[in-house]
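The values are calculated or read from the model by the stated rules, or taken from the named source; none is laboratory data. This is a predicted model, so every value here is computed, not measured. Ideal geometry is used to build each Cβ from the backbone, glycine not excepted, and the neighbour counts take in all protein chains shown.
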Amino acid sequence: MKLGVDSNSLMYQNFDIFGALDYAARAGLDTIQIHRNKLQSFERDYLRTIRARADELGLTLELAMGCIDGHSPLFKRQLGAPEAQLRTAIGVARVLGSSVVQVFIGNIYDRLLPVPYEQRRADVAKVIRSLAPLIEETGIRPAIENHGDATARELAALIEEIGPDYAGVCLDTGNPTVMAEDPALTTEILAPYTLMSHFRDNLVWSVADGAMTQWVPMGVGNTDLPRIAAVMKEKAPNTSFTLELITGGAPKPVPYLNPDAEVWRKYPHTPARDFARFVALAHKGPEGPIELIWRPAQGPPEGELAEQLKAQQLRHYAQSFDYCREVLGMGERRN
């Protein structure tokens, strides 16, 4: 499988699009995922320049769009209706040579919005189905990320409802643990629908009221990455194994022993057999957290802290690329 990087997660490097392409090439990667927010414009000549540079460097491009749920606070209403934004993104992807466009419904906090999840997922399905002729014409499908807005089983059901010929999944292995879901289980359920990916490792450990979870470099946590890699190679071999490392953040609580905890109000229909997998993962974890340089809780880092986080991020990515190649057997070329 190809090995890639999500350029949006390289936030401390302050790369522009071309700097991110050069970084991916130096790292010996196959794929780079770029977000529409990083594009200076959607003009064809500009986009063709990006594609030409990627071709020169031997990189495959993937496009990330973001939220298409008009009810979510994350949705960028100033850019138009969800249908119009997705139509534009498919057009951009076509010029860039991306066969998929990453989208999502919302995030973990949106599960308690006044508009219920069931209505929001129905509206997202309607948005995608409205563009069925364009998807058929271009072959470019939206890949809905498990962004904390849906459990693996909920997202699989949504893809079946829309139709796998018209939508797939952007599989993220970092988001499930905050929903009390084992990323290996997430992968087993969603791999058959996966078109794009955001791979991360998690350290999950038991505490008095449930568990804590922390995003860490690949191979440092207790996520069953070899199992995940094996499932991906079998079920989604044409998908790039794209890393989205977001390290340096504070661990997140998952207080599942509290029956009134938000995790149960957000995901009240989690099957017991799925939850048991998460509990087993937490009990296997060594006590955390992993000591890292922490980013500020609010606002961008400045001064010496910004430089420390920049250096740490480069170390973590280099370490993680090596792990993915040497342990998981990912990557089609070497630097």
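Some points to look at:
- Candidates Val207, Val231 - the one that is in contact with a Ser or Thr (Cβ under 7 Å, 6 or more places away or on another chain), more than 25 Å from Met65 (Cα to Cα) and of a type outside the set (S, T, N, Q): Val231
- Residue within the range 2-20 that is surrounded by fewer than 16 Cβ atoms within 10 Å (Cβ to Cβ) and basic (Lys, Arg) present: no
- Residue in the range 66-77 that is over 21 Å from the mean Cα position of the chain (by Cα), part of a helix (DSSP H, G or I), over 12 Å from Ala167 (Cα atoms) and modelled with pLDDT of 95 or more present: yes
- Members of the range 302-335 found to be of a type in the set (Ser, Thr, Tyr) and farther than 13 Å from Val5 by Cα, listed by number: Tyr323
- Taken as a whole, the structure places Tyr109 among residues that are of a type outside the set (S, T, N, Q) and either within 21 Å of His198 (Cα to Cα) or in contact with a strand residue (DSSP E or B) (Cβ under 9 Å, 6 or more places away or on another chain) (or both).
- Hits in the range 141-163 - residues which are crowded, with 21+ Cβ neighbours inside 10 Å, in a loop (DSSP other than H, G, I, E, B) and either out of contact with any helix residue (DSSP H, G or I) (no Cβ under 7 Å at 6 or more places or on another chain) or of a type outside the set (S, T, N, Q) (or both): His147, Gly148, Asp149, Ala150
- Test: residue in the range 69-79 that is closer than 29 Å to His316 by Cβ and in contact with a helix residue (DSSP H, G or I) (Cβ under 6 Å, 6 or more places away or on another chain): no
- Residues within the range 80-116 that are at pLDDT below 95 and part of a helix (DSSP H, G or I), tallied: 5
- If you go through the range 21-37 and keep only what is surrounded by fewer than 21 Cβ atoms within 10 Å (Cβ to Cβ) and of a type outside the set (Asp, Glu), you end up with Tyr23, Ala25, Arg26, Ala27, Gly28, His35, Arg36, Asn37.
- Only one of Glu291, Glu287 that is modelled with pLDDT under 95 and touching a strand residue (DSSP E or B) at 6+ places or on another chain (Cβ under 6 Å): Glu287
- Any hit, the range 44-52, residues being in contact with a His (Cβ under 9 Å, 6 or more places away or on another chain) and surrounded by 16 or more Cβ atoms within 10 Å (Cβ to Cβ): no
- Val220 satisfies every condition listed in (1) part of a loop (DSSP other than H, G, I, E, B); (2) crowded, with 23+ Cβ neighbours inside 10 Å except (2).
- Evaluated against (1) under 24 Å from Glu62 (Cβ atoms); (2) buried (at least 16 other Cβ atoms within 10 Å of the Cβ); (3) out of contact with any helix residue (DSSP H, G or I) (no Cβ under 7 Å at 6 or more places or on another chain), Thr187 falls short on exactly one condition, (3).
- Scanning the range 1-20 for residues that are among the polar types (S, T, N, Q) and either farther than 15 Å from Glu244 by Cα or without any contact (Cβ under 8 Å) to a residue 60 or more places away in the chain (or both) returns Ser7, Asn14.
Table: residues versus (1) out of contact with any Pro (no Cβ under 8 Å at 6 or more places or on another chain); (2) modelled with pLDDT of 95 or more; (3) among the charged types (D, E, K, R).
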site	(1), (2), (3)
Glu244	yes, yes, yes
Gly248	yes, no, no
Tyr256	yes, yes, no
Pro296	yes, no, no
Gly299	yes, no, no
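- Any hit, the range 65-77, residues being surrounded by fewer than 16 Cβ atoms within 10 Å (Cβ to Cβ), over 27 Å from Asp30 (Cβ atoms) and hydroxyl-bearing (Ser, Thr, Tyr): no
- Residue selected from the range 30-79 under the condition of a type in the set (D, E, K, R) and touching a strand residue (DSSP E or B) at 6+ places or on another chain (Cβ under 8 Å), by the criterion farthest from Leu171 (Cα to Cα): Arg51
- Every residue from the range 177-196 that is closer than 25 Å to Pro289 by Cβ and touching a residue at least 60 places away in the same chain (Cβ under 8 Å): Thr177, Val178, Met179, Ala180, Glu181, Asp182, Ala184, Leu185
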